[in-house]
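J.: To start, I am sharing the structure in question, which I have written as structure tokens.
No value in this document is a laboratory result; all are computed from the given coordinates. Note that the structure is predicted; figures quoted are calculated from it, not measured. Counting neighbours? That spans all protein chains shown, and the Cβs are built from the backbone with ideal geometry, glycine included.
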């Protein structure tokens, strides 16, 4: 394993001067898809909980589709299926986007994590104490101010324990990126295995990197929970 790290360490851990390392690509996929998914999930969760029936129905359908189908199938549809459509190929901007494996993986991960995050946030909103909203209205806040200044911050704080599990799931889900020729940690491990035939060592290094990243995320979220949820203790 040490020999493989000496020879292929730049590919796993840092840039070799020609492309990003597998670790950097994995972190980029994780951060980008998680941020996009969360930003989209916040307003959709509000619509899911407080919107009228006709607005909430499309959100429910969206979460049903993306939570009810495998992420790998979703990636195949986005990366291989959409790219085969003439509508996509004939549009320069759409073809530029969908011909790039990195774009397709980020889109698939973001759409998938958005669906799960909507349900997490909607569940928190349903348990929000009515007194918080009534107190804000009693202070003269408008409905939009209540949502922005009271409801959303409270929702994000109380959703933190469940959302931390979702982020770790997204980290693990980035491993499917190699099927779209994206050089993430697993793709580098597969290339190292093909070059050296040392399967256990190559994939063992990949597993170790994923475990270190997951432990780091757990530590960060636990620290955030202690600071933001201290009032519950």
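J.: Quick one: 54, 28, fewest Cβ neighbours within 10 Å first, how do they rank?
T.: By the 10 Å Cβ count, ascending: 54, 28.
J.: Please give the peptides 130-138, 179-187 ranked by average Cβ packing (other Cβ atoms within 10 Å per residue), highest first, as a rough proxy for protection.
T.: In descending order of packing, they fall as 179-187, 130-138.
J.: Å³ per residue of the Cα convex hull, for the range 85-133?
T.: Values: hull volume 5.5 nm³, N = 49.
Spelled out: Cα convex hull of the range 85-133, divided by residues, is 112 Å³.
J.: Helix 22-50 versus the longest principal axis of the chain: what angle, 0 to 90°, nearest 10, using Cα atoms?
T.: On a 0 to 90 degree scale, this one is about 20.
J.: Can I ask one more? With a 10 Å Cβ neighbour count serving as the proxy for reagent exposure, in which order, fewest first, do 188, 168 appear?
T.: 168, 188
J.: Now a separate question. Using Cα atoms only, what is the angle between the long axis of helix 2-13 and the major principal axis of the chain, expressed in degrees (0 to 90) to the nearest 10?
T.: Roughly 50 degrees between the two axes.
J.: Here is a follow-up. Taking a ≥ b ≥ c as the square roots of the Cα gyration tensor eigenvalues, with a/c under 1.5 meaning rounded and otherwise prolate when a/b beats b/c, else oblate, which class fits the range 2-232?
T.: In terms of gyration-tensor shape, oblate.
J.: While we're looking at this one, here's another question. So what is the relative contact order of the range 2-232, in percent, for Cα pairs below 8 Å that sit 6 or more residues apart?
T.: 25 percent
J.: Can you tell me how the range 105-147 classifies by the Cα gyration tensor, rounded, prolate or oblate, using a/c under 1.5 as the rounded cut?
T.: Oblate, since a/c reaches 1.5 and b/c is not below a/b.
J.: Divide by every residue of the chain the summed helix terms, -39500 (n - 2.57) for each DSSP H run of at least 4, and state the resulting mean residue ellipticity at 222 nm, rounded to the nearest 500 deg cm²/dmol.
T.: -24000 deg cm²/dmol
J.: For helix 160-173, what angle does its Cα long axis make with the longest principal axis of the chain, in degrees from 0 to 90 and rounded to 10?
T.: 20 degrees
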